[in-house]
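Only one structure is covered here, and it is reproduced in the block below.
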Amino acid sequence: MPNWGGGGDKCPRCQKTVYPAEKLLACSAAWHKGCFKCKTCNGLLTLSNYKDFSQDVYCKGCYQDKLHPHERNRKQLENKFSKQPGGAASGAPAEEE
């Protein structure tokens, strides 16, 4: 029985053959342009705006949330304490005006 279909690279997202006209090379793999989406929010990515981790691709926002969630919390705390009168952080949260 003949073997139909391409024997080329497989897309990591859909596991189908990626032909040269639709190929994006990222994360040591060939992706379809339509499959090159953020794993978390499903937003379409380009080669200039993606981040990768463990062979998965993410947009910059989801990558930051997934791998460095403490940084967002730290920035919120810094902003909260820097709004106090006199600029000194006393350890108590600043009251909103």
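The values are calculated or read from the model by the stated rules, or taken from the named source; none is laboratory data. Since the model is a prediction, treat every value here as computed from it, not as a measurement. Cβ placement follows ideal geometry from the backbone for every residue including glycine, while neighbour counts extend to all protein chains displayed.
Assorted remarks:
- Matching residues in region 7-23 - criterion: being out of contact with any helix residue (DSSP H, G or I) (no Cβ under 6 Å at 6 or more places or on another chain) and either on the phi < 0 side of the Ramachandran plot or not in a loop (DSSP other than H, G, I, E, B) (or both): Gly7, Gly8, Asp9, Lys10, Pro12, Lys16, Thr17, Val18, Tyr19, Pro20, Ala21, Lys23
- Count - residues of region 30-51 that are touching a strand residue (DSSP E or B) at 6+ places or on another chain (Cβ under 7 Å) and touching a residue at least 12 places away in the same chain (Cβ under 8 Å): 13
- Scan of region 23-38 for residues that are surrounded by 13 or more Cβ atoms within 10 Å (Cβ to Cβ) and modelled with pLDDT under 90, ordered by number: Cys27
- Qualifying residues in region 31-65 (those that are hydrophobic (A, V, I, L, M, F, W, C) and in a loop (DSSP other than H, G, I, E, B)) - the one farthest from Lys10 (Cα to Cα): Cys41
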